[in-house]
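Accompanying notes for the structure given below.
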Amino acid sequence: MVEAEGASRSLFTQGYRYMFAVLSTSEQYLGSAIDLKAEVVKKAGKSPKDVKVALVFENDPFSLDVRAGCVEDIKRHGMQIVLDDKMPRDLNDISATLTKVKALKPDLILISGHEKGATTAARQMKEMQVKVPMVGITHCESGKIISQFGGSVEGYLCPTQWDETLSYKGKYFGTAADFDKHVKATMPQYKIVPYQLAQASAAVLVWKDAFERANSFDTEKLRDAIAATEMETFYGNIKFSSAGNNVAKPMVLRQIQGGELKVVAPTRWAAAPLQYPLK
């Protein structure tokens, strides 16, 4: 199976031999924010070891997978975790955690609690006037935090699997921008092409490529052909680890700038300069 929507890290820790995924898995969701913070600090002539990080995550499998990846990346850079809080079950109130954030003054706060967690975090950070130099939060789009909270979320970093402004390019569909235009031309109901559609299309391309290389319906030959995939596509590079996850495509970070989401990381694919620190 080549899948395009299941991002949970646990899918790739069970030893499954026939599961492959084109998307970035959950432990990578906020890793680009940590790498970006380290990059900014180094450019300023400082050490990432002095960076203080606050973690705020829902106590559910997906968010805890995101947290696990963050912890690994924070340790890799030698940063300090000064707060590691779980969101309450109902996700309606994280004011107790945000009070700690105000007292601890972290340099980076990372938040993941699906749509409701994003909405609650954005609302209460506005109400409590919580200011952190860099904020990374999942589910910005599905939580509709731009339309709900306007300028108060300006500068927040939001992870995404794909964006049409990326310089990715492949044999099929051309660039990310070409794919975006093609979808909008053939399906005008899409004003914004969702990343889910892009990664589903990428999964089909992997199947096509693998079938042609295997030249067989034999299960093992086809499985081995998929495992050996190395492709450049409009969705990003695709290469599978022995566990079946894509290790060639990083998670993309978009920053809310002027009410729009603009790609700022990884820096080599950025469409706009990072606005930092947040005011």
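In the calculated pair-distance distribution of segment 26-149, the portion above 23 angstrom amounts to 25 percent of the Cα-Cα pairs.
Calculate the tail of P(r) for segment 1-92: the fraction of all Cα-Cα distances greater than 21 Å, expressed in %. Intermediate results must be reported in sequence, preceding the final value.
Numbers: 1782 of 4186 pairs.
Of all Cα-Cα pairs in segment 1-92, 43 percent lie more than 21 Å apart.
Sorted largest first, the spans of the alpha carbon positions of segment 142-248 along the three principal axes are 55, 32, 21 Å. For segment 169-185, putting each phi into the Karplus relation 6.51 cos²θ - 1.76 cosθ + 1.60 with θ = phi - 60° gives couplings of 8, x, 4, 9, 6, x, 8, 4, 5, 4, 4, 4, 5, 4, 4, 5, 6 Hz, in residue order, rounded to whole numbers and with x for Gly and Pro.
Taking packing as the residue-averaged number of other Cβ atoms within 10 angstrom, the listed peptides 127-138, 104-115 run from highest to lowest as 104-115, 127-138. With the Cα gyration tensor of segment 94-211 giving a ≥ b ≥ c as the square roots of its eigenvalues, does the rule (a/c under 1.5 for rounded; else a/b larger than b/c for prolate; else oblate) give rounded, prolate or oblate? Cα axes put segment 94-211 in the prolate bin.
Couplings 3J(HN,Hα) for segment 34-39, derived from phi with the Karplus relation 6.51 cos²θ - 1.76 cosθ + 1.60 (θ = phi - 60°), are 5, 4, 5, 4, 4, 4 Hz, where x marks Gly and Pro.
For the chain, the extents of the C-alpha atoms along the principal axes are 62, 42, 41 Å, listed from largest to smallest. Note on segment 102-162: Cα-Cα pairs beyond 12 Å make up 64% of the total pair count. Shown for the chain: cysteine residues without a partner Cβ closer than 4.7 Å, namely Cys70. The trypsin sites (Lys or Arg not before Pro) found in segment 1-44 that occupy coil by DSSP, while having at most 14 further C-beta atoms within 10 Å, are Arg17.
Projected onto planes of every orientation and averaged, the convex hull of the alpha-carbon atoms in segment 202-279 covers 6.8 nm².
Computed from the coordinates by the stated procedures, all read-outs in this text should not be read as laboratory data. On a predicted model such as this, the values are computed, not experimentally measured, just so you know. As a convention, Cβ positions derive from the backbone with ideal geometry for all residues, glycine included, and neighbour counts pool all protein chains shown.
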